[in-house]
Amino acid sequence: MKLITKKSIAMIVGAMFLFLSHPFTSQAGAIGLLNKEVSVSVADQPLRAVLDQIDKDYQIGFIYNNQLPGLEKHISLSVSTTPLSQVLDRVLLPNGLDYKVVSDQIAVVRHSKSLPATGSLKGTVTGLPDHMPLPYATVHFKGSDKYTLTNEQGKFYFPEVPTGTQTLLISYMGYEPAEKNVSIFPEETAEIKVQLNSTVSELDGVTITGIRRGEVKALNSMKNAENIKYVMSQEQIERFPDLTVSESLQRVPGVAVGYSYGIPRDIIIRGLSQDLSSMTLNGTRLPSTGAGGRDTDLNGILANSIESIEVIKTLTPDRDADGTGGAVNIITKSPAKDEKLFDAKLAGGYNGLVNKATYDAGLTFGERKGKTSYIIGASYARNWRGEDRVEKDYDTYTVNGTESTYLSNLDLDGYEIKRDNLAINGEFKYYPNDRSELYLRGSYNLYYEIQNRLERIFNIGEYTSADQVQDLRITQSGNWRDYHKNLLQASLGGKSYFGDMKVEYDLTLSQGKYDQPIYYSAAFERNGLSAGLNLQDPVTPQFEFSEADPYDTDEFTTSRYINRHDKSLDRDGQLTLNISKPYQLGKHKGNVKFGGRGKLKYNDRSRNYFLHDLDEGNFVLSDYLSGYSKEDHYEGAYNMGRFPEAEAMEEYYNEHPELFSDNETYTRQNTDPDSFEGTEYLAAAYAMTELNINDLQVITGIRYEKTGFDYEGNRVNFDDQGNYVSTSPASTDRTFDGWFPSINLRYAIGSRTNIRGAVTRSLSRPSYYDLVPWEEVETRRSRVKMGNPDLIQSTAVNYDILFEHYFKSVGILSGGVFIKNINDYIYESSYIQEDGTYDGYTINQTVNGANAIARGFELAWQQQLTFLPGVWNGLGIYANYTYVNSEFEIPGAQSTRTVKLPEMRPHVGNVSVSYEKFGFSGRISMYFYGTFNSELAENPDNDLQEKGRNQLDFSASQQLTERLSLFVGVNNLTNEPISDIYRDGRPQNDAVYGRWGQVGLRFKTY
């Protein structure tokens, strides 16, 4: 290497003279020198050192001025047997330098021509020691506000990056930040792979695996999100003993659940019922699995068949506006680049209430290799559930000349429920290039339930004293029914980049089905009994009979039985388009996004109820007994004996239909008003922008949605004797629309601390059935039940503020407040009609009109306590608490009442303590909620309230090998009941569900 010194001035002047006068003294020699193949591998080295290395290895002979700019810039380069000219182009040109051949040497000089100013950069961020992709990692250019987040595959892309050596800063919660240099060349795409080291890998027995990996992924997604949301990853879901998505959601901050036979079903977000929230799969609204409503029963989706769950609490314009409470988004699995997935699960369990075995199995496998990826998964679960219920009703009786409220009915219900869940999911992706992908995905979720219901009802005719009753009727009934609640969804779509513009497109076809093909019910009665009434325990009243056997099956008779069928289908097609493009506003980076969605929906419900009356004689219970009996109902409080087999009566009817008459009034009253069909369409468009101003991120925009519907229903009339008269069709064709602006703010106080704020406008649509123009006119009662096609969507303005701090040791501490002002709240109304056709009639109808407000705060603490010494660093805390208060005014017959929203739990939360170390992971968890209004009455004393409840669960797993683990889970350890009371304290409904659990093995390669 000939450096520029005083001794070499003469030589340089001579070389410059030769260069200017005849730069190629030997063209063949120059070409030979530049075509010389070299191999270079350097990382983060000054350009001067790289030239020195090439000169040393290949005796090239470089000459240059020490003061040339760019020689001290750090570059990384790895080439093998590459012509020298190409190597020099890559290392010199981006740094403003050029070269000339002078004799047999190469002179490095300033570049005299303009070059393309930018290239592009793509990369992948993975975590050590297992090289798993890190989604939602922050990748930032040092000294600039240009940044991006890695996607689900841990990949990122920057268009239009200035040429030269750039320094990247990469950060991810739970991992040490990294700083990497990369060389950007004109009109080329540079590629970099970054590996981050875990911050807790040095702790004995504690690694970023299992729940830690899922927690880290979820928390990074939350920290970098453009709105307020909570993310629950698959690994977190697995650590709780929850079978379905509905069960998993009870662990999320701000979410309460409503129970069906002891299992979470209804999702209540921030105190608002599921009617005011939306359920989506991969961002697309799920169809209904209910009878006439818009709700989706997430018990139909197995938790181990999905990748993660997002609970979105503030909306952005690119999301559907129907999410006043919030939106639940279920994300399906997809393999990362060069990843092979294999996940197998096999478990068995037991339900202690019905003494039945359960089992659960699943298999998922997939791979991404080259330009394609695929994943296929199937899961099946057979579960038994039970419910022992004691229900009390009250009426007014006169006893000893004094009128007072006494027990009127005691209803004992015992349920034995078999549930089958089948989930089949598949996805195929094709990657034409690094910046495009196409996908075809499908999901089928079958939910089939068979119920055997056993019921004994005591109906009190009159009281002779406070503890003696007569004219007592006992009804011994049984019914056998099944349900299908199935979901089917198929999507074709993709995303492509055109320069720096991203285009996303999706076509999704969906079907939701509610089907009850079989329902047999028979009720046998015995009348005229007398008994003493023991109310020592008001939860479980006891009748004390003088008869030898008041439950003698030879004394119970009936002349009728019921058979019914109920089916709803909700089918739709949705087309979605999103276009986004980055922009620069001064020195601040932004992104503009616009698009829309069109949806066409078909919905119908067909209901057929039949009451078959025996023309002569009666059925006797002793001739139609099932093999099922219940001697220990409600923890041994009652012996209910054997029950009727309604299916045997159906068989008798099919063999002898001539012996029966059908009750037309019953059939028409329970069939025609509830049957309908129709279509809906949705047209939506939006525009929004993201702007980053130093530490402030602003997401703002507006969305427009228009809904049209066309429904056909029935008007059904009954005479003044209560008999059926006629049915006539009715139809409606209407629309409603609205504008929905929003703004979400995120201010980064530090790299791990945010303050968020949001103001959004949202909507809630009426149920399908409420929009149908149906009527049920009961002249005898001067009463009309009817639909309301004049309903409009309920809208709300929502305010949110949230503080969140993310711990370096993995975790979050957050707290926030929210207010929801709801206009045109939709509720069920009962009023006296004035004037018109039904003047003086009582009208029962769903209406708009009431305004409601819900306000509250949320607290959450989630942390792995890895900073603790010794064995204690395996501890973890998962705790959250939400307080909600609400009010709305409803008109009553006497006066207007101000009440709290039904189904709103004022207090709801979770407390879970976990321990994870040396392959063991275990936790004890409690989900709790406070007493709330479940049903409102005209008289406030008769408002029905569900009492607060605490459910305790346990779950644990032990890693047997690197891939194989043993797990166990037990639910409802303390057999906590669900109880309803009237506002004045009278017990109304008490139910227990026993304990259930499972143990199994899981094999995972990721």
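Brief remarks on what is shown
- Some residue of region 422-435 being assigned to a strand (DSSP E or B), of a type in the set (Val, Ile, Thr), in contact with a Leu (Cβ under 9 Å, 6 or more places away or on another chain) and over 24 Å from residue 465 (Cα atoms): yes
- For residue 677, the requirement of being among the charged types (D, E, K, R) and over 30 Å from residue 413 (Cβ atoms) is met.
- Contact map, region 654-667: first residue assigned by TED's automatic domain parsing to the domain that holds residue 724 and over 9 Å from residue 612 (Cα atoms), second residue exposed (fewer than 12 other Cβ atoms within 10 Å of the Cβ) and among the acidic types (Asp, Glu), Cβ cut-off under 7 Å, separation 6 or more or different chains; pairs are 659/615.
- Any pair with Cβ under 7 angstrom, 6 or more apart, that starts in region 413-427 at a residue that is within 8 Å of residue 379 (Cβ to Cβ) and not assigned by TED's automatic domain parsing to the domain that holds residue 378 and ends at one that is polar (S, T, N, Q) and buried (at least 22 other Cβ atoms within 10 Å of the Cβ): none
- Matching residues, region 698-722, being surrounded by 20 or more Cβ atoms within 10 Å (Cβ to Cβ) and polar (S, T, N, Q): 707, 714
- Applying the condition of being among the charged types (D, E, K, R) and in contact (Cβ under 8 Å) with a residue 60 or more places away in the chain to region 456-497 and asking which residue is nearest to residue 638 (Cα to Cα) yields 456.
- A residue that is in contact with a strand residue (DSSP E or B) (Cβ under 9 Å, 6 or more places away or on another chain) and under 23 Å from residue 245 (Cβ atoms) occurs somewhere in region 369-376.
- Some residue of region 580-602 being in the same structural domain as residue 550 (by TED's automatic domain parsing), touching a residue at least 24 places away in the same chain (Cβ under 8 Å) and over 38 Å from the mean Cα position of the chain (by Cα): no
- Filter result for the condition that a residue is in contact with a strand residue (DSSP E or B) (Cβ under 7 Å, 6 or more places away or on another chain), closer than 30 Å to residue 340 by Cα and assigned by TED's automatic domain parsing to the domain that holds residue 383, over 956, 991: 956
- Against the test of being modelled with pLDDT of 80 or more, in contact with a Lys or Arg (Cβ under 6 Å, 6 or more places away or on another chain) and at negative phi, the options 124, 148, 138 yield a single qualifying residue, 124.
- Among the residues listed as 505, 497, 415, the single one being in contact with a Lys or Arg (Cβ under 6 Å, 6 or more places away or on another chain) and within 30 Å of residue 158 (Cα to Cα): 497
- Entry remark, region 737-782: residues being more than 30 Å from residue 172 (Cα to Cα), in contact with a Lys or Arg (Cβ under 8 Å, 6 or more places away or on another chain) and hydroxyl-bearing (Ser, Thr, Tyr) number 3 in total.
A quick yes/no check of all residues on (1) under 22 Å from the mean Cα position of the chain (by Cα); (2) closer than 30 Å to residue 984 by Cβ; (3) among the aromatic types (Phe, Trp, Tyr):
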{"site": "350", "(1), (2), (3)": "no, no, yes"}
{"site": "375", "(1), (2), (3)": "yes, no, no"}
{"site": "395", "(1), (2), (3)": "no, yes, no"}
{"site": "400", "(1), (2), (3)": "no, yes, no"}
{"site": "421", "(1), (2), (3)": "yes, no, no"}
{"site": "431", "(1), (2), (3)": "no, no, yes"}
{"site": "442", "(1), (2), (3)": "yes, no, no"}
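- Region 608-654: number of residues that are touching a Lys or Arg at 6+ places or on another chain (Cβ under 7 Å) and of a type in the set (S, T, N, Q): 3
- Residue within region 488-506 that is farther than 30 Å from residue 579 by Cβ and in a strand (DSSP E or B) present: no
- When region 636-675 is filtered for residues that are out of contact with any Leu (no Cβ under 7 Å at 6 or more places or on another chain) and closer than 19 Å to residue 478 by Cβ, the ones remaining, listed by number, are 639, 641, 646, 647, 648, 649, 650, 651, 652, 653, 654.
A quick yes/no check of all residues on (1) surrounded by 15 or more Cβ atoms within 10 Å (Cβ to Cβ); (2) touching a Gly at 6+ places or on another chain (Cβ under 6 Å):
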position	(1), (2)
358	yes, yes
372	no, no
390	yes, no
406	yes, no
413	yes, no
424	yes, no
433	no, no
441	yes, no
451	yes, no
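- The set of residues in region 838-871 that are small (Gly, Ala, Ser) and in a strand (DSSP E or B) comprises 849, 850, 852, 854, 856, 860.
- Hey, residue 665 of a type in the set (Val, Ile, Thr) and either in contact with a helix residue (DSSP H, G or I) (Cβ under 9 Å, 6 or more places away or on another chain) or buried (at least 17 other Cβ atoms within 10 Å of the Cβ) (or both) or not: no
- Of the residues 360, 388, the single one that is in a strand (DSSP E or B), over 26 Å from residue 445 (Cβ atoms) and not assigned by TED's automatic domain parsing to the domain that holds residue 125 is 388.
- Applying the condition of being outside any strand (DSSP E or B), touching a strand residue (DSSP E or B) at 6+ places or on another chain (Cβ under 8 Å) and closer than 25 Å to residue 929 by Cα to region 961-988 and asking which residue is modelled with the lowest pLDDT yields 983.
- Residues (at pLDDT 90 or above and touching a Ser or Thr at 6+ places or on another chain (Cβ under 9 Å)) located in region 225-236: 226, 227, 228, 229, 231, 232
- Residue check: residue 562 meets all listed conditions (1) closer than 30 Å to residue 468 by Cβ; (2) buried (at least 17 other Cβ atoms within 10 Å of the Cβ); (3) among the aliphatic types (A, V, I, L, M) but one, namely (1).
- Criterion: modelled with pLDDT of 85 or more, part of a helix (DSSP H, G or I) and in contact with a helix residue (DSSP H, G or I) (Cβ under 7 Å, 6 or more places away or on another chain) - qualifying residue of 38, 50: 50
- Hey, residue 463 among the hydroxyl-bearing types (Ser, Thr, Tyr), within 30 Å of residue 394 (Cβ to Cβ) and not in a loop (DSSP other than H, G, I, E, B) or not: yes
- Counting only strands (runs of 3 or more DSSP E) that sit wholly inside region 65-163, those with at least 1 residues that are closer than 30 Å to residue 692 by Cβ and hydrophobic (A, V, I, L, M, F, W, C) are 74-83, 118-128, 138-141, 147-149, 155-162.
- Taking residues in region 532-554 that are farther than 21 Å from residue 389 by Cα, and partners anywhere that are outside any strand (DSSP E or B) and of a type outside the set (Ser, Thr, Tyr), the pairs with Cβ atoms closer than 8 Å and at least 6 places apart or on different chains are 532/467; 553/621; 554/621.
The values are calculated or read from the model by the stated rules, or taken from the named source; none is laboratory data. Model, not experiment: these values are computed from the prediction. Glycine also receives a Cβ, built like all others from the backbone with ideal geometry; neighbour counts cover every protein chain displayed.
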